[in-house]
Amino acid sequence: MDKCTYCAGGPEADSTPAEYAKYGANRLAEGKLPICAEMCSTKSLLAGDGAIIAEIYKERVMKRGYGSGMWGWKTAYSDSPTG
Ligand code: SF4
């Protein structure tokens, strides 16, 4: 199993045959997001500008609550002493 490259290729120069042979596509060099973030059907994985992502998470927390009041917490941690 290969390690996650964050879809950013490796130390070789961007978009070169050497990079492609080792790491496949370099999505970030192509101006794209990591494929897992793009394909995440629940939008749990986000990628991009940190300030925008922070705003999205802040909005989610404000809407859903946090800690033991967080949406889905009791389902995920029903045996937890804090759940
Ligand atoms: S798709 Fe996601 S997990 Fe896979 S290499 Fe890209 S960033 Fe890493």
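No lab work stands behind these numbers, since they all come straight from the coordinates. As the structure is a prediction and not an experimental result, all values here were calculated from the model. We place every Cβ from the backbone using ideal geometry, glycine too, and count neighbours over all the protein chains shown.
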- Query: Dipole size in debye (nearest 20) for the stretch 17-75 around its Cα centre, Lys and Arg Cβ +1, Asp and Glu Cβ -1?
  - Reply: 340 debye
- Query: What pairs in Lys3/Lys43; Lys3/Lys58; Lys32/Lys63 have C-alpha atoms more than 25 Å from each other?
  - Reply: Lys3/Lys58; Lys32/Lys63
